[in-house]
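See structure below.
The values are calculated or read from the model by the stated rules, or taken from the named source; none is laboratory data. Everything quoted here is computed from the prediction, not taken from an experiment. Positions of Cβ are generated from backbone atoms using ideal geometry, with glycine treated the same way; all protein chains shown enter the neighbour counts. We work out accessible area using only protein heavy atoms, side chains counted, and drop any ligands, DNA or RNA first. Shrake-Rupley method; radii C 1.70, N 1.55, O 1.52, S 1.80 Å.
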Amino acid sequence: MAQTFDRVTQNPDVLAGRATIRGLRISVAHIVNLVANGMTPAQIVEELPDLDEEDIRQALVYAAALAQDELHHLSA
């Protein structure tokens, strides 16, 4: 099933073309990093009030789509 990412944008003039949310200078990678470090969507929205919880959800879905079916060898 194809996923539509209407909140994830890429513009070469914004954050060097990294995936951002709605053209803001807030990258998908930054949002994923905040979640990975234990912040909840509500805490992220409180910290970054230009975002809403749907932005967080879509950033995570986008990151999951990029990581799908990729193998990364972990060192033991």
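A few notes on this one:
- Only Lys, Arg (+1) and Asp, Glu (-1) charged, at Cβ; the chain dipole about Cα centre in debye: 200
- Our estimate of slack between Asp50 and Ala29, defined as 0.36 nm per intervening residue step minus the Cα-Cα distance, is 5.9 nm.
- Calculated diffusion of the chain, Stokes-Einstein form, Kirkwood radius summed over Cα pairs, 37 °C and 0.692 mPa s, µm²/s: 249
- Comparing Leu66, Leu51, Leu34 in a Gaussian network model of the chain, where Cα atoms under 10 Å apart are tied by springs, the biggest mean-square fluctuation is seen for Leu66.
- Carbon plus sulfur fraction of accessible area for the stretch 5-76, probe 1.4 Å, in percent: 52
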